[in-house]
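Enquirer: Dropping the structure in here first, questions after.
The values are calculated or read from the model by the stated rules, or taken from the named source; none is laboratory data. Note that the structure is predicted; figures quoted are calculated from it, not measured. Here the Cβ positions follow ideal geometry from the backbone for every residue, glycine too, while neighbour counts run over all protein chains shown. In case anyone asks, the SASA skips ligands and DNA or RNA and just uses the protein heavy atoms, side chains included. Shrake-Rupley method; radii C 1.70, N 1.55, O 1.52, S 1.80 Å.
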Amino acid sequence: EAEVVSVRFHKSIIFSKHSFTYAQAQARIEDDDRQDEVTLGLRVLMRLAKKLNAKRMEAGALTLATTAVRFVKDEETQDPIDMEMYEGGGTNMLVEEFMLLANVSVAKHIRHHFPHVALLRRHEAPLALKFAPVLHAAGRAGIDLDCSSSKALADSLDAATQRGPMFNRLLRIMTTRCMTQAVYFCSGSLAVHEYHHYGLATPIYTHFTSPIRRYADVIVHRLLAASLGISSDTSSFDRRMIERVANQINRRHLTAQVAGRESVRIHTLSFLGERMVEADAYVMSVKAN
């Protein structure tokens with residue numbers, strides 16, 4: 001039933017039996033003729049991931065959407081020649097669920113061992129007035145959204161299917177824009193009840209699974225190593241230092257998000273600049289030039 005029976009942390013070496021892209025793993029899961037050990041293992045993981053996902057949804061976790069797009073570029077000029085929406089598949093969900101489970105498990109562990117200097121991540125519930133744009137858009141379409149809690153919001157978004165999947169995706173994109181920014185913080189700086197992550201509906205969370213691309217995860221790995229006695233260097237685990245690191249990461253994360261959005265905007269304008277494109281669409285907003 002995907003219930004966590006016990007949790008253990010060790011320094012180890014991973015013996016990888018196969019390397020997959022998301023699409024390749026999905027194809028193996030769906031190929032009934034494949035009954036090898038690796039494929040059967042993937043199917044077990046998929047079943048567990050679906051149960052983990054269902055539990056998170058029941059707890060009030062939100063399934064939102066973004067306007068993430070991918071550009072195909074000309075090899076010589078690097079100009080965009082095509083663009084498409086990024087669509088995640090079943091194996092994306094599989095990986096995400098186990099990453100979330102690992103992050104939550106590590107967050108509990110490091111907070112237990114370092115209650116005052118653990119680097120965690122929180123997401124405050126948005127103020128009611130923040131939902132005004134999406135409530136207005138939904139109301140114009142005859143759809144009622146309940147924003148009283150993350151669970152109520154998730155359920156009402158799931159039920160908002162009257163105008164089809166495209167409009168439902170639009171509502172989820174608009175809801176994403178109503179959210180507050182999730183931030184890193186030092187565990188000793190806030191009361192325990194303030195650790196809550198609204199979007200994931202979990203009382204405690206951190207980032208552990210991507211140390212190759214996020215500095216926060218590097219700090220969390222160091223905390224975990226110290227808790228296991230692998231590293232004895234705890235001199236940098238000072239509350240003021242962790243607070244400074246958290247604040248700096250939050251600032252840099254925000255500027256990276258802005259840079260990413262502007263990059264997409266520039267590439268979109270470059271792609272559409274000399275093209276006539278016909279597509280079904282909704283107008284989300286009109287701005288003065």
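Enquirer: Taking into account only those residues within the range 37-79 that are small (G, A, S) and more than 19 Å from R172 (Cβ to Cβ), which is least open to solvent (accessible area, probe 1.4 Å)?
Expert: This residue is A49.
Enquirer: For residues that are open to solvent by less than 70 Å² (accessible area, probe 1.4 Å) and among the small types (G, A, S), scanning just the range 1-36, find the one that is nearest to S227 (Cα to Cα).
Expert: My answer is A2.
Enquirer: Filter the range 114-128 down to residues that are assigned to a loop (DSSP other than H, G, I, E, B) and not aliphatic (A, V, I, L, M) and give me whichever is modelled with the lowest pLDDT.
Expert: Once the filter is applied, the top-ranked residue is P126.
Enquirer: Also: May I ask you to list the residues in the range 71-130 that are under 14 Å from T206 (Cα atoms) and polar (S, T, N, Q)?
Expert: N103, S105
Enquirer: Follow-up question, since we're still on this one. Is there any pair linking a residue in the range 54-65 that is under 12 Å from M93 (Cβ atoms) to one that is open to solvent by 50 Å² or more (accessible area, probe 1.4 Å) and not in a helix (DSSP H, G or I), with Cβ under 9 Å and at least six apart or on different chains, and which?
Expert: Hits for this filter: M57/T63.
Enquirer: Continuing with the same structure: Restricted to the range 80-112, and to residues that are open to solvent by 80 Å² or more (accessible area, probe 1.4 Å) and not aliphatic (A, V, I, L, M), which residue is nearest to A226 (Cα to Cα)?
Expert: Selected residue: H112.
Enquirer: So the check is Cβ under 7 Å with 6+ separation or different chains; which pairs have a first residue in the range 210-231 that's of a type in the set (G, A, S) and a second one that's in a helix (DSSP H, G or I)?
Expert: What qualifies is S210/D217; A216/I249; S227/H109; S227/I110; S227/H113; S231/R222; S231/A225.
Enquirer: Is it the case, given these coordinates, that E1 is charged (D, E, K, R), more than 18 Å from the chain's Cα centre (by Cα), over 16 Å from V95 (Cα atoms) and at pLDDT below 90?
Expert: The answer is yes for E1.
Enquirer: Is it true that some residue in the range 268-279 is open to solvent by 30 Å² or more (accessible area, probe 1.4 Å), under 29 Å from H109 (Cβ atoms) and among the hydrophobic types (A, V, I, L, M, F, W, C)?
Expert: Scanning the range 268-279 turns up no residue that is open to solvent by 30 Å² or more (accessible area, probe 1.4 Å), under 29 Å from H109 (Cβ atoms) and among the hydrophobic types (A, V, I, L, M, F, W, C).
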